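The values are calculated or read from the model by the stated rules, or taken from the named source; none is laboratory data. The structure displayed is predicted, hence computed values, not measured ones. Virtual Cβ from ideal backbone geometry, glycine too; neighbours counted across all protein chains shown.
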Amino acid sequence: MQIKSNQRIDDLEYQGLKIIQDTQGFCFGIDSILLSDFAKEIKENSKVIDLGTGTGIIATLLCKKTKLQQIIGVEIQKDTAQMAQQSIILNKLENKFKIIQSDIKNIDQILQPESFDAIVTNPPYKKAQTGLTNQNEKQLISRHETTATLEDFIKTAKKMLKDKGDLYLVHRPDRLVDIISLLRQNKIEPKKIKFIHPNTQKEPNLILIKATKNANPFLKVEKPLYIYNNKGEYTDEILKIYGKKE
């Protein structure tokens, strides 16, 4: 496959999957890998949306980790959406994974509202005008709420999910109060949360949340996940997620 000079093909080391990335843009991190594993319980024959799919890493992995019927990746950036489409072809996933280039806030005008069984999303973590902003436009959009806020992502999830449909998202612990508040405002009840720590000595720097539309209140806090052991190596649980350990 012909790719541009600023692009590269990365091996995901999972069932032969590969992804095309822009070396000058925002490249996926372990948060996307963890979210795809967290959401692997998505039911068979589900229709799924990946809001802000980027290069399509989460959706690509879910095509192999689950028996979903179809997943639609929504991406606002034209170049990034085109890369994701190339990765779909590269992985021969055309029958399962579709890309729509659109602002997530408008997706209910393109797709049928309340018709999806699950939504996954790895939204920008930082509010606009916070943190370091000396990045190129692609990195800025991926890291900061410049085109859509956390509230926009959750409101869109409410519009598109079926009754009792599930939302899976990854974010930062410092936004946890915002997340839970917005979920409840939109009648998407937090059901499961998992804290991700760099190691046993450090505070969590990521959270994984599952929430269900119009569900009854009941939150389960799962045991924490540690990325590295005391030797600075991946823990067994991380190696299992990467498919490198039984």
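For every residue, the table says whether it meets (1) touching a helix residue (DSSP H, G or I) at 6+ places or on another chain (Cβ under 9 Å); (2) at positive phi; (3) crowded, with 21+ Cβ neighbours inside 10 Å.
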site	(1), (2), (3)
Y14	yes, no, no
S46	no, no, no
D50	yes, no, yes
G54	yes, yes, yes
I57	yes, no, yes
I71	yes, no, yes
T80	yes, no, yes
K98	yes, no, no
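Mind checking which strands (runs of 3 or more DSSP E) fall wholly inside region 102-207 and carry at least 1 residues that are basic (K, R) and modelled with pLDDT of 95 or more?
Counting at least 1 such residues, we get 161-171, 188-197.
Can you tell me which residue is farthest from D31 (Cα to Cα) among those in region 224-239 that are touching a residue at least 12 places away in the same chain (Cβ under 8 Å) and either in contact with a Leu (Cβ under 8 Å, 6 or more places away or on another chain) or among the basic types (K, R) (or both)?
Among them, the one singled out is E237.
Is region 232-242 home to any residue that is under 22 Å from T53 (Cα atoms) and modelled with pLDDT under 95?
yes
Working carefully through the options T121, T23, find the one that is among the β-branched types (V, I, T) and surrounded by fewer than 20 Cβ atoms within 10 Å (Cβ to Cβ).
So the residue among T121, T23 that is among the β-branched types (V, I, T) and surrounded by fewer than 20 Cβ atoms within 10 Å (Cβ to Cβ) is T23.
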